[in-house]
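I have placed the structure first, in the form of structure tokens, so that the comments after it can refer back to it.
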Amino acid sequence: MVRRILPILLLAVVVLAEATPAEPSSPADTLIVIRPELTERAPRIPGFIPRQFAQRPRVALVLSGGGARGAAAIGVLQVLERNGIPVDLLVGTSIGSIVGGLYASGYSTDELERLLDTTRWDEIMSLNDDARRRDMFLDQKLAGDKSVLVLRFKGLEPVLPESFSTGQRLTNFLNLLTLQSVYKPDPTFDQLRIPFRAVTTDLVSGKAVVLDRGDLAEAMRASMAIPLLFSSVKRDTLQLLDGGLVANLPVDVAREAGADIVISVDMTSPLRPRSMLNAPWEIADQITTIMMQEAKLRAREKSEVVIIPAIGNHLSSDFGGLDSLIALGRTATDSALPSIRQVLARRARGQFAEQIDIEYRNLTWCATALGNAIPLPAEIADYRNQESVTHSDLRALAGQLAEDGQFAEVELAVRTSGDSTDIELRLWPYPVIRSVELVGVDKVSRDTIETMIRPMLGRPLNVRTAEQVLDRILEVYRERGYVLARIRQVRYDSTQHSATLEIDEGVVERSEVRGSDKTRDWVIWRELPWSNGEVFHMDAAARGIANLYGTNLFEQVLVSVRHEGPGLEKNIVVVNVRERNTELIRLGLRVDNDRNIQPSIDLRDENFMGAGAELGAIVGFGPRNLHLLGELRATRIFNSYLTFGLKTYYGVRDVNVYTDAPFTDPKQFDRIRIGEYRERRFGAMFSFGTQLERLGNVTVDGRFERLSLSNVFAEPIADQTYRISSIKLGTTIDTQDHVLRAVSCRGGRAYPPAEDRPGGRG
């Protein structure tokens, strides 16, 4: 008996800071009160009861790069979720940062799987930088149709692109996804559902850069900036590329962020076989993979658990069969579960290990709430069937009960008497909520929100369940497109047992533009279909991004949100742009059997004076024609949809005249050349009208021209000169596939078109 009591007395001294001894009923009785050891976290919702988190080993999930192979990470997350394996930190590189970032921002694994199935990855990952045709105005579409090659300049210095693509399609895809997420980084990635880190590489210093704040879409895009394929992302003084160049399995980043246990998911590509080393980019990819091998092996050694899905030689660029990759991720994680549980248990025991860890036997359990007996919580089911528990086990149980979210306070009273141990769970529930008042609800039906809240009324609050309900309310707003909606605060009145839920549906306080040096702000504002003081909507964000990119003035367009004010109550919409070099040369080419090869050169500033107007000169020539044109054109006049253009031109063209050949066979038809004449045109044109959104335009065109005709071969016509003036009212509608021209009305004097002349024109 003495040997049994002595360790208990020593333990009482060791845990004096956490234990409250009570006077024993006899010298052999000892009472120790165990309270949970909690870690502090700032409440996500102001005024709401903060969730309690027990101290335990911090688990980090590290997701490697691997392109399409990264789909396996979704299967890994599904198994960890299903088996209750905690993830306290997500660290990702390249595609790992995209999967990890979206999951951390609130997307479920089922939503991520559906996203993979429904996304047209060939379009998202396309190297084509062109804006969608339906996002451009008519004149822009016609100019693009005539261009074979575009060379851009900065002053007189040619600007060579750093990559095949600016990656705007991928940027736009990530931007819209993060806008719709429930959790926003405000201001750091620690405010997401799970703290997150994106790993990138600084092109200038060659060092790894870990992004833990700022715009989440930009961070994921930077981590996925594959060299040569997608352009780098400029942030402050950094020029960021794919993190896989320096840390494709960034275990060290997780350690530096405080992880105690690291679970690594290695989805990197193996070395290519000889048969797949033909193209220059295949060889470049092989060299990069070789350079990563040693660092990857070292990272594996630093991980407690390494999950390697059996993906085989599935190419990182092959976005087909993604379902099978997710399944492979699930299979690999199922196999790793015993190791994961073993590591978690060992570290948990180590965290709560006592100098003298007492073992309690002959256990009797009971639970009280506010002094009244209640049924035992489900959390102790694993303990009730054991013959004994240690003091460390009970400390872990106290933390588990506190973190469950059902109880405001938890303590375990452990009384030993002889060889018997009585364990009383003393629990203090959260208060009962009998009613909830909604404030600020307008865009969503109150009945919809009240239906979600109703199951919580009339019973003690469960903080974890309440947070899930609040998240579901925000999901309803996201489903309706109100991407800035958030729970501003929750106030509880203990005297009335009532709560007030205040919702900010996302009214824009103001908008800001960043990254624009040459372009004037009003050129950007006119393309944004939202106004200050209005509730921000997803459709407006998508339309604004498409409009700005469709101007061809910007390489990158990204919309983000930040909050300011004493209580961060003001929604500030930030439009981040990266300007193109708008001084360019377009090279065009036309080939036909009448005029042979006809190249053209178009010198142009597409952003003249920063006003979005175009100033240009075109030279077109060939063996039988010459065309010179200077023009000033504004697609939009200030904030209106009015448009104008002014052109001056000079042209020379030789025109063949044909007649029918004598019929030798009634089933054959042929024509013979009988002459040639030359047209010289010199004049000016102006146009004024309005855009029909992006569908087309309605314009009034005026023309003043001097036309002279002279013979070159034979004498098909008489030499003559005309002065021509005309006014044309016309409408042009673009159907995306071709251009339909409406019948136009003309006035003034004009030379008949060649097709109407005797003999016609070839």
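The values are calculated or read from the model by the stated rules, or taken from the named source; none is laboratory data. Quantities reported herein were computed from a predicted structural model and do not represent experimental measurements. Neighbour counts are summed over all protein chains in view; Cβ atoms, including those assigned to glycine, are modelled from backbone coordinates with ideal geometry. The protein model used for the area step is the full one, side chains on, heavy atoms only, and it has no ligands, DNA or RNA in it. Shrake-Rupley method; radii C 1.70, N 1.55, O 1.52, S 1.80 Å.
Over region 582-711, what is the mean sequence separation of C-alpha contacts under 8 Å (at least six apart), divided by residue count, expressed as relative contact order in percent? Kindly include the intermediate steps, with their values, before the conclusion.
On the way: 301 pairs, mean separation 20.7, N = 130.
It rounds to 16 percent for region 582-711.
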Helix 322-351 axis, angle to the chain major axis (alpha carbon atoms, nearest 10°): 30 degrees
Range of Cα positions in region 328-379 per principal axis (Å), largest first: 51, 31, 21
Long-range Cα-Cα pairs in region 447-593 (distance over 17 Å), rounded percent: 70 percent
Residue-by-residue Karplus 3J(HN,Hα) for region 577-584, coefficients 6.51, -1.76, 1.60, Hz, glycine and proline x: 10, 10, 6, 7, 7, 8, 8, 8
Unit charges on C-beta of K, R, D, E only; dipole of region 514-606, Debye: 80 debye
Distance in nm between pseudo-label sites at Glu569 and Asn532 (7 Å out along the Cβ direction from Cα): 1.8 nm
Between helix 95-104 and the chain: long-axis angle, C-alpha atoms, 0 to 90°, nearest 10: 60 degrees
Degrees separating the helix 2-14 axis from the principal Cα axis of the chain, which is the longest one: 40 degrees
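State, as an integer percentage, the relative contact order of the chain based on alpha-carbon contacts under 8 Å between residues 6 or more apart. List each step's numbers first, then the result.
Details: 1639 pairs, mean separation 89.9, N = 762.
With pairs under 8 Å counted, the relative contact order is 12 percent.
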Built amide H within the under 5 Å cut-off of Asp734, gap 5+: Gly696
Sequence-distant residues sharing a close amide H with Gln489 (under 5 Å, placed H): Glu502
Potential extension, Ser339-Val698 segment - 0.36 nm per residue separation minus Cα distance: 122.2 nm
Net dipole in debye of the chain [+1 Lys, Arg Cβ; -1 Asp, Glu Cβ; about Cα centre; nearest 20]: 2000 debye
Mean-position separation - Cα centroids, region 569-589 and region 329-392, in angstrom: 57 Å
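Test of understanding: what is the full-extension gain from Tyr650 to Arg543, defined as 0.36 nm times their sequence separation minus their Cα-Cα distance?
Working: separation 107, 0.36 × 107 = 38.52 nm, distance 4.01 nm.
Extra length from Tyr650 to Arg543 when fully extended: 34.5 nm.
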Charge dipole of the chain about the Cα centre (unit charges at C-beta), most positive-ward option of Asn248, Gly65, Leu626: Leu626
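Using only the Cα atoms, work out Rg/Rh for the chain, with Rh taken as the Kirkwood radius, to two decimals. Show your work: numbers first, answer last.
Details: Rg = 35.9 Å, Rh = 31.6 Å.
Radius of gyration relative to Kirkwood radius: 1.14.
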Mean accessible surface per residue for region 148-281, computed with a 1.4 Å probe while every protein chain stays in place, in Å²: 45 Å²
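Trp121: net charge of surrounding residues, Cβ under 11 Å, Lys/Arg +1, Asp/Glu -1, itself excluded? Could the numbers behind the result be given before it?
Numbers: positive: Arg120, Arg169; negative: Asp117, Asp122, Glu123, Asp318.
That works out to -2.
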Karplus-derived 3J(HN,Hα), 6.51/-1.76/1.60, for each residue of region 187-197, Hz, glycine and proline x: x, 10, 6, 6, 7, 6, 4, 10, x, 9, 9
Region 393-518 pair-distance distribution - Cα-Cα, 5 Å bins, rounded %: 2, 8, 16, 16, 13, 11, 9, 7, 6, 5, 3, 2, 1, 1, 0, 0, 0
Listed pairs Lys234/Lys443; Lys141/Lys518; Lys296/Lys518; Lys207/Lys302; Lys154/Lys728 exceeding 32 Å between Cα atoms: Lys234/Lys443; Lys296/Lys518; Lys154/Lys728
Near-label residues of region 550-591 by backbone N, under 20 Å of a point 7 Å along Cα→Cβ of Arg152: 550-559, 575-588
Under Karplus coefficients 6.51, -1.76 and 1.60, residue-wise ³J(HN,Hα) of region 497-508 in Hz, glycine/proline x: 6, 10, 10, 10, 9, 9, 10, 9, 7, x, 6, 7
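Just how large is the dipole of region 367-461 about the Cα centre, in debye to the nearest 20, putting +1 at every Lys and Arg Cβ and -1 at every Asp and Glu Cβ?
Working: 9 positive and 15 negative charges, 79 e Å.
Taking the Cα centre of region 367-461 as origin, the dipole is about 380 debye.
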For Ala408, distant residues with modelled amide H under 5 Å away: Trp428, Tyr430
Portion, in percent, of the accessible area of the chain that falls on carbon or sulfur, probe 1.4 Å: 54 percent
Highest to lowest packing among 87-97, 47-57, 251-261, scored as the average C-beta count within 10 Å: 87-97, 251-261, 47-57
